[in-house]
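The values are calculated or read from the model by the stated rules, or taken from the named source; none is laboratory data. Keep in mind that what you see is a predicted model, and the values were worked out from it rather than measured. When we count neighbours, we look across all protein chains shown, and the Cβ atoms used for this are built from the backbone with ideal geometry, even at glycine.
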Amino acid sequence: MLRILTYEQIDRKEWSRLVRESKTGTWFQSPEAYDFFASQPDLFEPFAVGVETSALRAVCVGYVTLDKNPLMQFFSRRAIITGGPCLADDATAEEVTMLMQSVGECVRCRVENHKHYTINITQKLSTPIYIETRNFNDYSPWKDAFAAAGFNYQPHLDIHIDTRSPEIVENNLGESRKRDIRTTIREGVKIISIGNCKLENGDCKLEIGDQERERMVGEFYAILKKLYKTKVKTPLFPLSFFLALSKHPDGRFLLTEYNGHIIGGTVCVEQAGKCLYEWFACGEDGIYPHIFPSCYATYAGICYAAEHDCPRFDMMGAGKPDKAYGVRDFKTKFGGTQVEYGRFLRVENPCLYSIGKLAVKILKSI
């Protein structure tokens, strides 16, 4: 008999095992990710739901976004499942449908009795306008199961880079990227790594005071915030999020430094032995002659993955396949493979969802 488990009922050892062994297991579906989201109560309301038979068969970790502005929260609240749920490789359609149905009930704070199982959600969450999975792996075997739970497939691209060895990285890297990296190094730009993030040719900051950490992360954040305000035009987490992640055991900050100042960087999380995920990247490109801080920072992340037995570097999204996207053009030049694993979307409030889509479209056109 299948059982739906809430966060409190999921065995953490079984949870970690499933994430480690599953082809769809990512850091964002791990207990550590849930704990990190829970440590940011002003930003997230996290949730975790599992499906169990004789063993844990599936788990889904996500969060409902929070905004301090009540009006913004009313129009923008959403439930995000980063990476997609973690499923046993042989998970059945019934198990997946049950999992995703229970996610829907969880975020709507309902208790329902079904023929074969009971959803008993006691956690109070803000009801989102929509629920979205942002897939980093292939869910095509279960597409119908998601649809049965009300989740519709949306095409979306990602780029995976083969980092099984430094040699593979160098062989796949585009010539223009190699040239940009060479000139950046020649001009004296350094890579500063923060935390447990040793890089062969980087300046590793294993022991760092809070004041210096905050200065460097703050300088990086100022560049990232400008990028989001002028080009990305979507909400960005506050500085406190990045400071907390810089202290997390799985956080990896590789920052580009020039003349004593941070001019760019990449922020990643590491799933040991499996993948390095590039969550954020930016740089003051076009300001300094012959210096390409965004390119050098991402390259440093790719090198870190290759040096630390992470066989894949995941660039975490490359836009919709039918729309031009400058970020995708940047990412493809690192020699990765373009994949379309898409997203699954379930709209909870169609009226507010339509208003939100229109507002985003207007903001991005300004």
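Here are the numbers for the structure shown:
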read-out	value
In the range 82-93, the residues that are out of contact with any Leu (no Cβ under 7 Å at 6 or more places or on another chain) and either more than 16 Å from ALA58 (Cβ to Cβ) or surrounded by fewer than 24 Cβ atoms within 10 Å (Cβ to Cβ) (or both)	THR82, ASP89, ASP90, ALA91, THR92, ALA93
Single condition PHE241 does not satisfy, out of (1) in contact (Cβ under 8 Å) with a residue 40 or more places away in the chain; (2) surrounded by fewer than 23 Cβ atoms within 10 Å (Cβ to Cβ); (3) not in a helix (DSSP H, G or I)	(3)
Tally, over the range 29-45, of residues that are crowded, with 24+ Cβ neighbours inside 10 Å and either out of contact with any helix residue (DSSP H, G or I) (no Cβ under 9 Å at 6 or more places or on another chain) or over 21 Å from CYS275 (Cβ atoms) (or both)	0
Selection from the range 276-289 of residues that are surrounded by fewer than 24 Cβ atoms within 10 Å (Cβ to Cβ) and part of a strand (DSSP E or B)	TRP279, PHE280
Residue ID - surrounded by the most Cβ atoms within 10 Å (Cβ to Cβ), chosen from residues in the range 209-238 that are of a type in the set (Ser, Thr, Tyr) and part of a helix (DSSP H, G or I)	TYR221
Any chance SER22 is among the small types (Gly, Ala, Ser) and crowded, with 16+ Cβ neighbours inside 10 Å	yes
Any hit, the range 17-32, residues being of a type in the set (Gly, Ala, Ser) and either farther than 21 Å from ARG134 by Cβ or at pLDDT below 95 (or both)	no
THR184 in the same structural domain as THR97 (by TED's automatic domain parsing), touching a Pro at 6+ places or on another chain (Cβ under 9 Å) and among the β-branched types (Val, Ile, Thr)	no
